Structures are given as C-alpha cells and as structure tokens.
Amino acid sequence: MNRRYRKTIIAGNWKMNNTLSQTKAFAEEIKPIMPKGKWCNVVLCVPATNIQAAVRLFKDCHIAIGAETCHELDHGAYTGEITAAMIKEAGAKYVIIGHSERRQYYNETDFTVNKKVHAAIEAGLVPIICVGESLEQRELGVTMELIAYQVKCALANVAPEKVRHIVIAYEPLWAIGTGKTATAEQAGEVCQAIRTVIRKQYGAHVARSVTIQYGGSMNAKNAQELLAQPDVDGGLIGGAALKPADFVKIIEAANQE
Ligand code: PEP
C-alpha cells in the first residue's frame, strides 16, 4: 500500500449470493463491528437487485456500493442486461468489469471489457477492472505479457485523467475461490508490473495514482502480508466478503499503519 499517492480499497464481490433480507442481516451484523478509523475505502459489489437498498443500508458505516458487471451500451434490446447509467442512478459508485467468471461463462473478451470500461466512466462509475492469468499461462511463463495485454486492451482510448481514478484488480484465476492464494511476492510482482505498464503509457503521475488490488482467496490470515506489498493497494474479496466478521478483519489489516 502507498496511502500517500493513492486510495487503499477493500472491495467485496458478493457474486450471486445474498437476497435482500440477507443483505439487511449482513448490514445489521457489520455495523457494530466496522472499524472506526478510515484509512481505507470499503466497497461491497452486490447483485443488481440489492443495489438501491444496499446504498441506504450501508451508508452509516461508510461502505460504498458497486455492481458486479454492466452492459457496454447505454440502451437497447438486450433482455436481462443493465446499463452503467442504471447502476449509477441506483446509487452505486463502482462496477466490477471483466471478472474472470464473466469472461469464462459469459464470453466477455478484452474487447468488450474495454467497451464496458468506457461505458462505466461515461456514466460516472469507477470501474474495477479484473485481469489475471490461468495456471497454464503462469506455468508457460507468459503471465507478465498476458497481464500487460489485458491492461492495455482494457484502457485503450481512455483519457489519462480518467485512468487516474480507475481500479485494477489482479486476480490470478488459479487463486479465485480455490483457497489457494498467490504469495505476497507473486502478487506484489504482478501489481508492480501493472503499474509499470500504466507508467509507460500514461506517465508516472497517472501510474502512481491508480489503485491496484489483489484478489484470489484473500482472507483474514493472509491480508496483512499481501497488503504490505508496496503496489498492492487493497483487495477484491469473494468468499471472505460474505461473512461480516471475516470482511472486517481484512479491513482492519488494511487500516494498519
Ligand atoms: C473474486 O471472486 O473476485 C475472488 C477473489 O473470490 P475469492 O476471494 O473467493 O477467491
């Protein structure tokens, strides 16, 4: 983390979990245990049906709300989809884009990720852009090239002053939901490489402002070590964000001096 230049952001990704009543119960449980110090920003990305209620429920404990995806277009005949503007008007501030589950199950590509990033920025949302390699790609030794490619595609034609405010989440596919975490060194190395890609393209001033998270089985036990890496500015958390006590422990780790 480097709080001098950029925000530390701990974001939960609820995926397809939690009904409205479960969201209310989560809010009641987390409120009394939320850390008071405000070193890091906290976000919960929730199912679209819960966004509006979640904005209201989590306001008091300073948790911002995000969506888990958006469509790349601003209207049209796309049954079941929602636009970035709809998410924004529902009160969300963030949207996850290009999560590996979206890439794997819903055919999202680096090309559509770029379009969605533009749509999110246009609507005034902060995109949390997910990139990451598979185990096969890591073993082939192409991780850095692949991540650089994903980052460049995602940010194609995005203006430098907009890039400053985006969030990138490095999520190695082999670590998501597997209980297998990247070592702090592996996470730090790739997050540093992501910042280098941004620096080469947009300059040092932009690069040092971008929040780069690690995601992949981050939990109460490993959070502090991962967040101690200078280029790891927070976490995108799946499983551990479903339990208020576990999520709070990760926030506490990010609040350490
Ligand atoms: C994720 O879904 O983005 C994620 C990191 O999940 P988990 O923490 O469960 O590995």
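In the range 158-188, the residue that is nearest to A11 (Cα to Cα) out of those that are in contact with a strand residue (DSSP E or B) (Cβ under 7 Å, 6 or more places away or on another chain) and more than 16 Å from the ligand (Cβ to nearest atom) is I166. Checked against (1) among the hydrophobic types (A, V, I, L, M, F, W, C); (2) surrounded by fewer than 24 Cβ atoms within 10 Å (Cβ to Cβ); (3) under 24 Å from A156 (Cα atoms); (4) within 13 Å of the ligand (Cβ to nearest atom), L236 passes all but a single condition, namely (2).
Pairs linking a residue in the range 211-230 that is more than 14 Å from G179 (Cβ to Cβ) to a residue that is within 15 Å of the ligand (Cβ to nearest atom) and among the hydroxyl-bearing types (S, T, Y), with Cβ atoms under 6 Å and 6 or more positions apart or on different chains, are Y214/Y170; L226/Y214. Apart from one condition, G37 fits all of (1) out of contact with any strand residue (DSSP E or B) (no Cβ under 9 Å at 6 or more places or on another chain); (2) at pLDDT 95 or above; the exception is (2). In the condition set (1) open to solvent by 50 Å² or more (accessible area, probe 1.4 Å); (2) more than 17 Å from the chain's Cα centre (by Cα), G177 is compliant with all but (2).
Run L242 past the list (1) over 17 Å from E101 (Cα atoms); (2) buried (at least 19 other Cβ atoms within 10 Å of the Cβ); (3) within 16 Å of the ligand (Cβ to nearest atom) and report the number of the one that doesn't hold. The failed condition is (2). Of the helices (runs of 4 or more DSSP H) lying entirely inside the range 41-142, those containing at least 2 residues that are of a type in the set (A, V, I, L, M, F, W, C), more than 27 Å from Q22 (Cα to Cα) and open to solvent by less than 20 Å² (accessible area, probe 1.4 Å) span 110-123. Considering only residues in the range 210-223 that are buried (at least 19 other Cβ atoms within 10 Å of the Cβ) and either among the small types (G, A, S) or more than 16 Å from the ligand (Cβ to nearest atom) (or both), the one that is farthest from A11 (Cα to Cα) turns out to be V210. Picking from residues in the range 6-26 that are in contact with a Cys (Cβ under 8 Å, 6 or more places away or on another chain) and open to solvent by less than 50 Å² (accessible area, probe 1.4 Å), the one that is farthest from G177 (Cα to Cα) is T8. With I96, I65, I51 as the choices, which residue is within 16 Å of the ligand (Cβ to nearest atom) and modelled with pLDDT of 95 or more? Going through I96, I65, I51 in turn, just one is within 16 Å of the ligand (Cβ to nearest atom) and modelled with pLDDT of 95 or more: I96.
Every test in (1) over 18 Å from the mean Cα position of the chain (by Cα); (2) open to solvent by 10 Å² or more (accessible area, probe 1.4 Å); (3) in contact (Cβ under 8 Å) with a residue 40 or more places away in the chain is passed by I30 save one, and that test is (2). Is there a residue in the range 151-166 that is assigned to a helix (DSSP H, G or I), crowded, with 16+ Cβ neighbours inside 10 Å and without any contact (Cβ under 8 Å) to a residue 40 or more places away in the chain? Taking every residue of the range 151-166 in turn, none turns out to be assigned to a helix (DSSP H, G or I), crowded, with 16+ Cβ neighbours inside 10 Å and without any contact (Cβ under 8 Å) to a residue 40 or more places away in the chain. Starting from the range 132-145, keep only residues that are free of Cβ contacts under 8 Å to residues at least 12 places away in the same chain, then list their pairs with residues that are of a type in the set (A, V, I, L, M, F, W, C) whose Cβ atoms are within a distance under 7 Å, requiring at least 6 positions of separation or different chains. From the range 132-145, the pairs are Q137/L146.
The values are calculated or read from the model by the stated rules, or taken from the named source; none is laboratory data. Computed from a prediction, not measured in an experiment: that's the story for all the values here. Counting neighbours? That spans all protein chains shown, and the Cβs are built from the backbone with ideal geometry, glycine included. The accessibility values were calculated without ligands, DNA or RNA, using every heavy atom of the protein model including side chains. Shrake-Rupley method; radii C 1.70, N 1.55, O 1.52, S 1.80 Å.
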